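See below for the structure under consideration.
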Amino acid sequence: MERIVAYAAILDNRGNDAGVYTVTFPDVPGAISEGKSIPEAMQNAAEALGLALYDVKQLPQVSNIKDIELANKQCVVTLISVNLTQFAKTVKKPTVKKNTTIPGDLAQQAEKAGINFSKTLTEALEKKLQEQV
């Protein structure tokens, strides 16, 4: 199932060099971008929105675009959409190498069974962190 979202974006060129637009999303505060033209700003905004939301389980509530337009009359307000399913396939998460110590017999059994240690540890940590929420 595709996860396609659309959020209102504010393209603001006040205080910038000529033609440069800063893009913010009232509903997604961490998604901020800019561009040297409206088309570039919109394209960069879609990327910023994708980066902010591609792995979020509970998406932010969508505000009424008319309310955002009324509060930002001197700016361009438009919807920016992104396919989060497709975006997640292209994102490369940074990884870190961690040394761990486990019992030798357990390591041998896991290796014999063809278990991927990194994948198993990642899944276990994600589960543990979800339990704490």
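Restricting attention to the range 73-103, report how many residues are in contact with a helix residue (DSSP H, G or I) (Cβ under 8 Å, 6 or more places away or on another chain), hydrophobic (A, V, I, L, M, F, W, C) and closer than 20 Å to Thr22 by Cβ.
Count: 5.
Which ones in the range 56-84 are surrounded by 12 or more Cβ atoms within 10 Å (Cβ to Cβ) and modelled with pLDDT under 95?
Hit for the range 56-84 is Val56, nothing else.
Could you tell me which residue of the range 15-55 is surrounded by the most Cβ atoms within 10 Å (Cβ to Cβ), considering only residues that are aliphatic (A, V, I, L, M) and in contact with a helix residue (DSSP H, G or I) (Cβ under 7 Å, 6 or more places away or on another chain)?
Taking the range 15-55 and keeping what is aliphatic (A, V, I, L, M), we get 18, 20, 23, 28, 31-32, 38, 41-42, 45-46, 48-49, 51-53.
The next check asks that each one be in contact with a helix residue (DSSP H, G or I) (Cβ under 7 Å, 6 or more places away or on another chain); those that pass are 23, 28, 31-32, 53.
Working: Val23: 27, Val28: 21, Ala31: 23, Ile32: 14, Leu53: 21.
Looking at the filtered set, the residue picked out is Val23.
The values are calculated or read from the model by the stated rules, or taken from the named source; none is laboratory data. Keep in mind the model is a prediction, meaning the values are calculated, not measured. Neighbour counts are summed over all protein chains in view; Cβ atoms, including those assigned to glycine, are modelled from backbone coordinates with ideal geometry.
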